[in-house]
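Some notes on the structure that comes next.
The values are calculated or read from the model by the stated rules, or taken from the named source; none is laboratory data. Small disclaimer: the values here were computed from a predicted structure and weren't measured. Heads up, the Cβs are rebuilt from the backbone with ideal geometry, glycines too, and the neighbour counts pull from every protein chain shown.
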Amino acid sequence: MGQVLHLKRLPSMLLCSHLITYFFRNSKMASLINSFKHVFISLLFLCAHDMLQVMAKWPKGGSTRFYDFKVQMLKVTKLCHARNIVTINQMYPGPVVYAQEDDRLIIKLTNETPYNASIHWHGVRQILSCWSDGPSYITQCPVQSGQTFTYEFTLIKQKGTLFWHAHFSWLRASVYGEYWNKDLVQLERNVLASGGPAPVAEAYTINGHPGPNYNCSENDVYQINVVPGKTYMLRLIGALLHMECFFSIANHKLTIVEADGEYTKPLTTDHVMLGPGQTLNVLVTTDQKIGRYSMAMGPYMSGQNVTIQNITAIAYFQYLGASPHSVAFPASLLPRFDDNLAVKTVMDGLKSLEVGNVPKEIDTNLFFTIGFNVNKCNSKTPKQNCQGSNGGVMAASMNNNSFIKPKISLLQAYYDHINGYFTEDFPGSPLKFYDFVNGPNSAPNDTGSTNGTRTKVIEYGSRVQLILQDTGTVTTENHPIHFHGYSFYVVGYGSGNYNPQTATFNLVDPPYMNTIGVPVGGWAAIRFVADNPGVWFMHCHLEVHMTWGLGVALIVKNGQGPMETLPHPPADMPRC
Ligand SMILES: [Cu+2]
């Protein structure tokens, strides 16, 4: 399930649930703000644990908003193929959640499907509410068929467009920008069993619609009606599963004003690239001649020899007064699928609107490699199970460890001191330094990874710098690395192997993000203060890479007193 979470200081925060790649709202800033007047629900909030004490110290003025999320099957027909997909409230894309900065959200999830489910509130910092973060087997057991769980968290100092999505198996696809004719849970099992790569999606979609370029999809097109001479704000959400994508509107410029729910200096561009989980608010002025213009979404793939869906999803940007049958101006501005420079150029221009509170001194220096592995085949039926490079099994890793999800909630195991489910020996830097970008590459002999549920423990309040370094085993590739429970300053990035002697950092106004596309064959440096206790997943948001093990859990210890201590778990935590 995917959705948008949108927070604004004046208007409000909007948590949209969307399946899509992009979510769109209204016109001029002023009218936009007016359009977000929602009904406030005032209720006494009953709270069991120390949260009451904690909340008393939070800024006043927040309302409490209630949502009912029922996980339900919905029959849809797309591309001449009918199938049942997993949705929230039988909506595809899912429901929008609206809230204001500092509001409290209470969202009751009831699972009425045969599948397991959990919801991650992507970009919500979950200050002292790690229990409601949502990733299955990390902060909770999945909500089983027929069960309920209530997520509760406060949007402390957050505003902008964020995004909710399923965090069990590959189910977020069905509230997502890629469309599959297959059962996603079965598909994940099949891909894992094969040891090989994932097949490509049948289509990309914009707000659930593939558009006219696909077979049997001529009339399944999303359309926005616009008035000439206005400025519109579009909320773009990378609601993708295994792909990153470019987006553009024919003949129109996009001015980025917000990234990952944080204001940026205005940056005008012909196109943007969104990795899965990334959000961008862009302004578009309807200053072209009256007509119908294509909005286009197509693949960005920086890896070598990767099979991709290369058909572009199209939606219409339709001016008032244009004939409904007028020819759409083609979106000629989409970069080629392998245009790395197009991605870098936008990233180079992305700066925080205001001077940030970037940590200048560092207590904890971390260095994680990210990339692929090929492990040796151990199967008696290699043709079925070892379809990776040279008859090996595909994997992915951080610091050469492929993360294995535990059988119970990692947070529960940590909180209750239950032994045997995880270790605390994830290395803070690679065990071996070598030319990361260029080798080794003779799969599967020298390309293997270790595996385990390894965690890295961080002291409360540490000022952390983390270098993320792409590796070239199998192929280099841009990996969108997402960190739960935190945003971080992207202080630097570059190509090749990270070299502290030559790397240049921006410590003044770097973008403050929750997902960073680490440049293909390059590195990125991020900084944050570890001031939110809990167990926080850091992983590649390309789903199949995460499935192969590209992730790690960071444990941030408690500090002093209730404001720095994770409260008790809610009474209705699901059981595994
Ligand atoms: Cu990845």
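Sort out which residues of the stretch 135-184 are within 19 Å of the chain's Cα centre (by Cα) and of a type in the set (A, V, I, L, M), and write them in order of number.
Selection gives ILE138, LEU155, LEU162, ALA166, LEU171, ALA173, VAL175, LEU184.
Residues in the stretch 432-486 that are more than 27 Å from GLY392 (Cβ to Cβ) and free of Cβ contacts under 8 Å to residues at least 12 places away in the same chain: how many?
Within the stretch 432-486, residues that are more than 27 Å from GLY392 (Cβ to Cβ) and free of Cβ contacts under 8 Å to residues at least 12 places away in the same chain number 0.
When you scan the stretch 105-120, do you find a residue that is among the hydroxyl-bearing types (Ser, Thr, Tyr), under 22 Å from ASN514 (Cα atoms) and under 22 Å from the mean Cα position of the chain (by Cα), even just one?
Looking through the stretch 105-120, at least one residue is among the hydroxyl-bearing types (Ser, Thr, Tyr), under 22 Å from ASN514 (Cα atoms) and under 22 Å from the mean Cα position of the chain (by Cα).
Identify the residue in the stretch 173-201 that is in a loop (DSSP other than H, G, I, E, B) and over 24 Å from GLN384 (Cβ atoms) and, among all such residues, is modelled with the highest pLDDT.
In this case the residue turns out to be GLY177.
Taking interchain pairs and intrachain pairs at least six residues apart, which have beta carbon atoms under 8 angstrom, with the first residue in the stretch 361-382 and within 16 Å of the ligand (Cβ to nearest atom) and the second charged (D, E, K, R)?
Listed by first residue and then by second, the contacts come to THR369/ASP470; ILE370/ASP470; GLY371/ASP470; GLY371/GLU477; PHE372/GLU477.
Given GLY123, GLY196, which one is among the small types (Gly, Ala, Ser) and buried (at least 24 other Cβ atoms within 10 Å of the Cβ)?
Working: GLY196 fails: buried (at least 24 other Cβ atoms within 10 Å of the Cβ).
Residue meeting the stated conditions: GLY123.
With the condition being closer than 29 Å to LYS182 by Cβ and among the aliphatic types (A, V, I, L, M), I'd like the strands (runs of 3 or more DSSP E) fully within the stretch 63-171 carrying at least 3 qualifying residues. Outline the logic, then answer.
Values: elements: 64-78, 81-88, 97-99, 104-111, 119-122, 148-154, 160-166.
In the stretch 63-171, the matching strands (runs of 3 or more DSSP E) lie at 64-78, 81-88.
Among the numbered criteria (1) in contact (Cβ under 8 Å) with a residue 12 or more places away in the chain; (2) of a type in the set (A, V, I, L, M, F, W, C); (3) more than 16 Å from the ligand (Cβ to nearest atom), which single criterion is violated by VAL343?
Going through the list (1) in contact (Cβ under 8 Å) with a residue 12 or more places away in the chain; (2) of a type in the set (A, V, I, L, M, F, W, C); (3) more than 16 Å from the ligand (Cβ to nearest atom), VAL343 breaks only (3).
If only one of PRO574, PRO567 is in a loop (DSSP other than H, G, I, E, B) and in contact with a His (Cβ under 8 Å, 6 or more places away or on another chain), which one is it?
None of the others qualify; the one that does is PRO567.
Would you be able to tell me the number of residues in the stretch 249-278 that are within 16 Å of GLY160 (Cβ to Cβ), in contact (Cβ under 8 Å) with a residue 24 or more places away in the chain and not small (Gly, Ala, Ser)? It would help to see each step written out before you state the result.
Residues of the stretch 249-278 that are within 16 Å of GLY160 (Cβ to Cβ), as a first pass: 255-267, 272, 274, 277-278.
From the residues that got through so far, the ones that are in contact (Cβ under 8 Å) with a residue 24 or more places away in the chain too are 255-265, 267, 272, 274, 277-278.
From what is left, the residues that are not small (Gly, Ala, Ser) are 255-258, 260, 262-265, 267, 272, 274, 278.
Counting residues in the stretch 249-278 that are within 16 Å of GLY160 (Cβ to Cβ), in contact (Cβ under 8 Å) with a residue 24 or more places away in the chain and not small (Gly, Ala, Ser) gives 13.
Consider TYR151 carefully, then state whether it is farther than 27 Å from MET295 by Cα and at pLDDT 85 or above.
yes
Which of the residues spanning the stretch 111-167 are touching a Cys at 6+ places or on another chain (Cβ under 7 Å) and among the hydrophobic types (A, V, I, L, M, F, W, C)?
Keep residues of the stretch 111-167 that are touching a Cys at 6+ places or on another chain (Cβ under 7 Å), which gives 139, 141.
Within the stretch 111-167, CYS141 is the sole residue that qualifies.
ASP446 is checked against (1) outside any strand (DSSP E or B); (2) within 16 Å of the ligand (Cβ to nearest atom); (3) not aromatic (Phe, Trp, Tyr) and fails just one. What number does that condition carry?
Among (1) outside any strand (DSSP E or B); (2) within 16 Å of the ligand (Cβ to nearest atom); (3) not aromatic (Phe, Trp, Tyr), the lone unmet condition for ASP446 is (2).
With the condition being surrounded by 24 or more Cβ atoms within 10 Å (Cβ to Cβ), I'd like the strands (runs of 3 or more DSSP E) fully within the stretch 233-315 carrying at least 1 qualifying residues.
Result: 244-249, 254-259, 272-274, 279-285, 292-300.
Are there strands (runs of 3 or more DSSP E) fully within the stretch 453-559 with at least 1 residues that are touching an Asp or Glu at 6+ places or on another chain (Cβ under 9 Å), within 16 Å of the ligand (Cβ to nearest atom) and not aromatic (Phe, Trp, Tyr)? List them.
Values: elements: 455-458, 463-470, 479-483, 488-495, 515-518, 522-529, 534-540, 551-556.
Per the criteria, 463-470, 479-483, 515-518, 522-529.
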